Amino acid sequence: MRKEENLESPLLSDGEPAPAYSEGSTYALVCALLASLTSIIFGYNRGVMSGAQKYVQEDLGVTDGQLEVLIGATSVYSLVGSLAAGWTCDRAGRRRAVALSAAMFLAGSAVTAAANGYAALMAGQLVSGVACGFGLVVAPVYIAEIAPASSRGFLSSIPEIASNSGILLSYIADFALAGLPTTLSWRLMIGIGAVPPLFLAVAAALAMPETPRWLVLHGHPDEARRVLARLAGDADRRLQEIVASVREASSKSCAGESPPGVWREILVRPTPAVRRVMLAILGLQVFQQACGVAAMILYAPRVFSHVGITSDRAVLGATVLLGAVKTVAIVLPLFLADRLGRRPMLLSSAGGMAASLLVLGVSVRAAATWWAAAASVAATAAFMASFSLGFGPVIWMYASEILPLRLRAQGTGIGTALNRVMSAVVGMTFISMYEAVGMAGTFYIFAALTAAAWVFVYACLPETKGRSLEEIEALFDTAGFNKPSPRATPS
C-alpha cells in the first residue's frame, strides 16, 4: 500500500521532513502570503454583502427574493469556478491560475460596484463567484507544492486564516462606510475589493515563481531547479525525487491507473472502506453548512435588527465583533487538533453550536429589549467561535487524512462541490425560511441539524490522531468502522 501511495510529488509526501533552511523558509513564506491573497479576497467577497445588502436594496430597489438569489447564486458560481480551477492549474500552471483568479476578482468587484440594476449585479456576482471558486483551489494547491516539508503544515494553514481575515476586513469596511450617502456607500464597500486583486495580479506576474512539480511535469527541469534552490538546501536531490515521482506516476497511469478508474472506484464500484470514507466526508460537508453558518455570515445584520438594534452603526459594529471572534478562534485548532484529537474538537464544536443556536432562538423570540439584543449578539459570537474551533477547519483536515492518496483530488472535489451546493441552499432560503416559520423557528431548525451533526460524528467518525496512513485506512474497514472512538497513540 505504501508503494502505491507514493504517487504524489515529494513536495507533498509524508516522508522524512526536510531540514529547515531559514532563507528557503522565508522565501516560501513570502510566496505563501502572496498566494493567500486569493483567500483574503475570497473572504472579503463572501462577507461584504452582509453589510452592503441593505443599501443595495434601498438604492436599486432589490426585493428580498431577488437578494436571496443574488447571494445564494454566488456559491453556485463558485462551484463552477472550483471545477474549472483544477483544469486551469494543470494546463496553464499554478502561478497563471493565481493571476487569472486575481483578474476575475478585479472584474467582478468592478462590475458589481458599478451596477445600475439587478441584471448588472447578477453579472458582477457571476464573475466574482467563479473567482471565489478559483480562490478555494489555487491558493492551497500552490502553497502545498511550493512549501518545504519542514514548514508545510504551518504554511498550508495560512489560506484558512486569510479567508477569515478577509471576512473580518469586509465587515470593517461595511462599518466604516455605512455613514456615506446610500448610493455611494455600498459601491465603495464592494469596490474596495478590487484593490487587492490588482496587487495580486502584479505579484503573480512579477514575483511569484511557478511550482517545481508543475515545471517538471511540463518539461522545465532547469527552471524547477532554480526555484528549488531558493526553497531548499539540496536542490539537486529534491529535483531528482520530483523527476522520479513524476516518472513513476506516469508509468502507473499508463498501466491503467487513470482518472476515470478513480471515478469508478469512488462512484460506481467503491469498496466498503471507500464507501465509508466518502460517507464520512460528504456527511461532514453537508452538516458544516446545514448548521447555518452561511446565514450567520451573510445575514447577521438582519438578525440583530430583528431583536431591536436599530442603529446601522450598532448593527454593523456587532457584525465586526462576529468577524473578529471567528478570525481569532480559527487559529486555535492549528495548535489543538494534534493534541486533543479530531473527534473531541468536532464534538465540542457541534455541541457549542447547537447550544448557541438554542439561546439565539430564545432571544430572537423574546420582545425587543436590551437583554434580548445582548443575548443575540453573545449567542451569535459563541456560535462563530464554536464553528471555528471544529467544524470550520477540522473537517478539511480530517478529509485529507482519511482519503487514500490515489482518490484525494477527486474525493476532495466531490466534497467541495457538495459544500458549495449546501452553502447556496442556505443562502438562497434563509429569508424565505424565517418569513415562513419565524426567525426563532429557523434557528431551532439549525440547532436540530447541528445536534444531528453531533450524533453523526459520535457514531460514524473514528479518531485519526497519532495514526499512520495504513492505520487510518484500517479504521474504515468493517471492524474499525464499528468502533467510533478508538484510542490513538500519543502524538
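Numerical summary
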{"quantity": "Accessible surface, per residue, of the chain when the full set of protein chains is kept, probe 1.4 Å, Å²", "calculated": "40"}
{"quantity": "Net dipole in debye of segment 53-145 [+1 Lys, Arg Cβ; -1 Asp, Glu Cβ; about Cα centre; nearest 20]", "calculated": "440"}
{"quantity": "Segment 356-395 - Rg (one decimal) and Dmax (whole number), Cα, Å", "calculated": "11.7, 37"}
{"quantity": "Nearest 10 degrees, 0 to 90: helix 94-113 Cα axis against the chain principal axis", "calculated": "10"}
{"quantity": "Protection proxy ranking of 393-401, 305-313 - average other beta-carbon atoms within 10 Å, highest first", "calculated": "393-401, 305-313"}
{"quantity": "Rg(Cα)/(2.2 N^0.38 Å) for segment 21-144, N = residue count", "calculated": "1.17"}
{"quantity": "For the chain, size of Cβ-based charge dipole, Lys and Arg +1, Asp and Glu -1, in debye", "calculated": "300"}
{"quantity": "Principal axis dimensions, segment 277-381 - Cα atoms, whole angstrom, descending", "calculated": "46, 25, 21"}
{"quantity": "Mean Cβ count within 10 Å, highest first, over the residues of peptides 439-448, 269-278", "calculated": "439-448, 269-278"}
{"quantity": "Where N is the number of residues in the chain, Cα Rg divided by 2.2 N^0.38 Å", "calculated": "0.98"}
{"quantity": "Solvent-accessible area, 1.4 Å probe, carbon plus sulfur percent, for segment 95-139", "calculated": "73"}
{"quantity": "Förster radius 51 Å - calculated FRET efficiency between T310 and V243, Cβ distance, rounded to 0.05", "calculated": "0.20"}
{"quantity": "Integer Hz, Karplus 6.51/-1.76/1.60 couplings in order for segment 114-124, x for Gly and Pro", "calculated": "8, 4, 10, x, 5, 4, 5, 4, 5, 5, x"}
{"quantity": "Using alpha carbons only: equivalent-ellipsoid semi-axes of segment 372-444, gyration tensor based, whole Å", "calculated": "32, 18, 7"}
{"quantity": "Under the Karplus curve 6.51 cos²θ - 1.76 cosθ + 1.60, θ = phi - 60°, whole-Hz ³J(HN,Hα) for segment 75-82, x wherever Gly or Pro sits", "calculated": "5, 5, 4, 5, 4, 4, x, 5"}
{"quantity": "Selected from P333, S356, N164, residue furthest toward positive end of dipole (the chain; charges at beta carbon)", "calculated": "S356"}
{"quantity": "Kirkwood-based Rg to Rh ratio, segment 113-173, C-alpha trace", "calculated": "1.14"}
{"quantity": "Carbon and sulfur %, accessible surface of segment 197-241 computed with the full protein complex present, 1.4 Å", "calculated": "55"}
{"quantity": "Histogram of C-alpha separations across segment 72-162, 5 Å bin width, %", "calculated": "3, 15, 21, 20, 17, 11, 7, 3, 1, 1, 0"}
{"quantity": "Rounded tilt (10° steps) of 37-60 against the dominant C-alpha axis of the chain", "calculated": "20"}
{"quantity": "Stretch gain in nm, segment L332-V421, where the contour uses 0.36 nm per residue and the Cα spacing is subtracted", "calculated": "29.3 nm"}
{"quantity": "Cα-Cα separations in segment 181-239 greater than 16 Å, expressed as whole percent", "calculated": "61"}
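The values are calculated or read from the model by the stated rules, or taken from the named source; none is laboratory data. Everything numeric here is computed off the predicted structure, so don't read it as measured data. Counting neighbours? That spans all protein chains shown, and the Cβs are built from the backbone with ideal geometry, glycine included. Only protein heavy atoms, including side chains, enter the accessible area calculation; ligands, DNA and RNA are left aside. Shrake-Rupley method; radii C 1.70, N 1.55, O 1.52, S 1.80 Å.
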